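The values are calculated or read from the model by the stated rules, or taken from the named source; none is laboratory data. Just so it is clear, the model here is predicted, and its values are computed rather than measured. In this analysis, Cβ positions are derived from the backbone assuming ideal geometry, glycine residues included, and neighbour counts consider all displayed protein chains.
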Amino acid sequence: MPIDFAARLNPAQLEAVTATEGPVLVIAGAGSGKTRTLVYRLARLVSQGVEPSSILLLTFTRKAAAEMLARAERLLGMALGGVQGGTFHAFSFATLRRNPEASGHAGSLTIMDRGDAEEALSHVIAELGAGKGDKSFPKKGFVLELISKSRNKELPIPEILSRESYQLLPHAAALEEIARGFERYKRGHGLLDYDDMLFTLEQALTRDAALLERLRERHRYLMVDEYQDTNLVQARLVKLLAGERGNVMAVGDDAQSIYAFRGANVENILSFPRIYPGTRVVRLEQNYRSTQPILDLTNAVLRQAKDRFDKNLFSERLAGPKPEVVKAYSDQTQAQLAVRRIRELRREHLPCEIAVLFRAGYQSYALELALNKEGVPFQKYGGLRFSEAAHVKDAVAFLRVVHNPRDVVAWKRVLVLVDKVGEKTALKIAASAREGDFQALDAQRRKNPGLDALFSFLEELRADPGGPASLLERAVVFYTPTLTRLHPEDYPRRLAGLEQLSQIAASYAHLEAFLADLALENPEEERKGVREDAVVLSTVHSAKGLEWPAVLILDLVDERFPSRHALARPEDLEEERRLLYVACTRAKDSLTLYVPGTVYNRAGGGSQPAMPSLFVRELPRECFTELRETFSGGLTPALQAQAAAEPRPSWDAPSSGGSRFASRGVAARQPLAADPDDPRAEPGGSPFASASDACGTGAMSY
Ligand code: ATP
Ligand code: MG
């Protein structure tokens, strides 16, 4: 049965869906149906006879691409296996792999994840002797980010430094030298980092006209979701692939640009009509996701932004509860309150319809414990990846060495596992292996039986004709004695993790694809799919594009959301504001924001008073209901609490600057809870009063 597009889309969406030739830009706010428009356009193209394999769908995760395809398949009632879809990085790597001659790299390529890149960088830094003994020299994590930012923003290192960290300018020359050394190192060892994939593909496409022509022929229809978070090279790749035909549809929301910190360039979406002459620009205003009370709050978040976003979303879903702002005593009790709230929500919702969002992965730890205690299953997105755990990296390193004998990072990993092999020896051996110096290797082998065993094992592994799963199983068997020696306390858990990894490996036919996905995607997360019985915990970045009936957001206090770093730089603060906009716009029916009065500070030790987030302080009073934690761990409307409390001087949100610190001073003088786990156990005085003071909001005034 033909799909009745007009009945399922509003007129603006329909326009974007039916404009299948030439460039189209859909620029619109959250929940206005941008992704839906992409899905319907995909379905329409296919229903009109376009070959699925000529469609390329670029999104921010492979999971998102798979989800869009699944939706289009349901609409059409047919499989769309041929559609190419995924991230820019995965697309680039797959293209380079299929065209090895174009990539300019001889031999096998290995993708480095963040940990590998840090490892490689420390080697370069040590070799150059950069910043030795100089305490003011930045740490390698910072250097890595700096190099990546300089590449993604396509600005020289000194310029990035003068914009963001001018105190490091005296080190600019040394840092540039490190960046050059890092390039040489990667090239020499057949290693690619994430950024390289995009740049290498771009070089290949500009150098090799025949390849470019082939790709243009193949991908006749391009579609890109979340275009506001593309960087310069990604935009150029799209342009290259689109060619003269210009069949590109980009959709996005400039107000949701949240990756500038990694070099994304919101100008890409704003200048799209200029770069693609004749672009049809479609704007969508109606939000189909959230109730109006939720939109009133999200619109208010945007109104405070320094950049003007000409968006004022409206919904036809007028009824619904106002968002709640919950003042908890501490981040510990915040977790208890969140669990309670989840329990309440469970009466109406499946667990998978409830999501708890936070700025950084560590912020859900207390909640994870509380949920475990209650026996509530949860599924976490973002934060530390499974494939970054040390034992997973160890086991995979055997496969990497077999795949790419020049992969010195992996060599080092497997070598230091051998008894009596230190870092220096490991590097020496890795160098001999890379250069094929078998005499040197044999000499080492004779000296150390552990090394002999390792080399024999690697030879066997190389000769194994099986797929990735078979190789991995052998590697795990070889690695298990080391694992039990290194992790006597929890090796069973780690072994179970490796077992899981083997199951993932079983779905791959080629070692290279398995290794690439481990570094690039999160096959474990994808494999899990959506579990109906699990509540979702997610970083805000990983929640982009998604939606849930009920959303809880944790830790809305200064230095957490916005982060401390962002409070110091206006541009970063704006990005955090957009991040909050992204977080709040995930909610369909109910939204709860948590503001703990104290937070545990790992660096400072113990609990410290926290200031309600600047973003919450700026919200107009009428767009939320405020609740406070009570003595017994329940909630009470804030107004009642206020009436009971002594009137205190209030601070006024918009003039934050000074008052922020003034009220913090007051808060710091208040006695703090003796036990951060249980502020209610505080001796003497009303814990209620002390907690509310710690919030810096004695009388509610925002
Ligand atoms: P985000 O900016 O968060 O990615 P989006 O603009 O991509 O949001 P979608 O996810 O496509 O928005 O749509 C939000 C919700 O609204 C989805 O549940 C979608 O099915 C629904 N929706 C969108 N357009 C319509 C429509 N015309 N009729 C009914 N429902 C719609
Ligand atoms: Mg979307």
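Only one of (1) touching a residue at least 40 places away in the same chain (Cβ under 8 Å); (2) part of a helix (DSSP H, G or I); (3) among the hydrophobic types (A, V, I, L, M, F, W, C) fails for residue 509. Which number is that?
Single failed check for residue 509: (2).
May I ask you to verify whether residue 74 is in contact (Cβ under 8 Å) with a residue 40 or more places away in the chain, surrounded by fewer than 23 Cβ atoms within 10 Å (Cβ to Cβ) and part of a helix (DSSP H, G or I)?
no
Would you point out which residue out of 79, 28, 19, 6 is within 26 Å of residue 277 (Cβ to Cβ), among the aliphatic types (A, V, I, L, M) and over 29 Å from the mean Cα position of the chain (by Cα)?
So the residue among 79, 28, 19, 6 that is within 26 Å of residue 277 (Cβ to Cβ), among the aliphatic types (A, V, I, L, M) and over 29 Å from the mean Cα position of the chain (by Cα) is 19.
For residue 86, are the conditions met, namely being small (Gly, Ala, Ser), surrounded by 22 or more Cβ atoms within 10 Å (Cβ to Cβ) and within 16 Å of ligand 1 (Cβ to nearest atom)?
In short, no.
Pick out the one residue from 423, 512 that is surrounded by 15 or more Cβ atoms within 10 Å (Cβ to Cβ), in contact with a helix residue (DSSP H, G or I) (Cβ under 8 Å, 6 or more places away or on another chain) and not β-branched (Val, Ile, Thr).
Going through 423, 512 in turn, just one is surrounded by 15 or more Cβ atoms within 10 Å (Cβ to Cβ), in contact with a helix residue (DSSP H, G or I) (Cβ under 8 Å, 6 or more places away or on another chain) and not β-branched (Val, Ile, Thr): 512.
Got a sec? Which helices (runs of 4 or more DSSP H) wholly within the stretch 535-636 have at least 2 residues that are within 16 Å of ligand 2 (Cβ to nearest atom), over 17 Å from residue 336 (Cβ atoms) and not basic (Lys, Arg)?
570-584
Which of the residues that make up the stretch 33-50 are over 23 Å from residue 288 (Cα atoms) and either within 16 Å of ligand 2 (Cβ to nearest atom) or in contact (Cβ under 8 Å) with a residue 60 or more places away in the chain (or both)?
45, 50 - these are the residues of the stretch 33-50 that are over 23 Å from residue 288 (Cα atoms) and either within 16 Å of ligand 2 (Cβ to nearest atom) or in contact (Cβ under 8 Å) with a residue 60 or more places away in the chain (or both).
Within the bounds of the stretch 43-56, is there any residue that is within 16 Å of ligand 1 (Cβ to nearest atom), at pLDDT 90 or above and not aromatic (Phe, Trp, Tyr)?
Looking for residues that are within 16 Å of ligand 1 (Cβ to nearest atom), at pLDDT 90 or above and not aromatic (Phe, Trp, Tyr), one finds at least one in the stretch 43-56, hence yes.
Out of all the residues in the stretch 223-245, is one or more more than 16 Å from ligand 2 (Cβ to nearest atom), in contact with an Asp or Glu (Cβ under 8 Å, 6 or more places away or on another chain) and among the small types (Gly, Ala, Ser)?
no
Take the conditions within 16 Å of ligand 2 (Cβ to nearest atom) and either in contact (Cβ under 8 Å) with a residue 24 or more places away in the chain or surrounded by 21 or more Cβ atoms within 10 Å (Cβ to Cβ) (or both) and apply them to residue 80. Does it pass?
no
Being aromatic (Phe, Trp, Tyr) and within 15 Å of ligand 2 (Cβ to nearest atom), is that true of even one residue in the stretch 4-27?
Scanning the stretch 4-27 turns up no residue that is aromatic (Phe, Trp, Tyr) and within 15 Å of ligand 2 (Cβ to nearest atom).
Out of (1) over 30 Å from residue 408 (Cβ atoms); (2) buried (at least 23 other Cβ atoms within 10 Å of the Cβ); (3) over 24 Å from the mean Cα position of the chain (by Cα), the odd one out for residue 175 is which?
(1) is the only condition that residue 175 fails.
Does at least one position in the stretch 265-278 carry a residue that is part of a helix (DSSP H, G or I), within 16 Å of ligand 2 (Cβ to nearest atom) and of a type outside the set (Val, Ile, Thr)?
Checking the stretch 265-278: not a single residue is part of a helix (DSSP H, G or I), within 16 Å of ligand 2 (Cβ to nearest atom) and of a type outside the set (Val, Ile, Thr).
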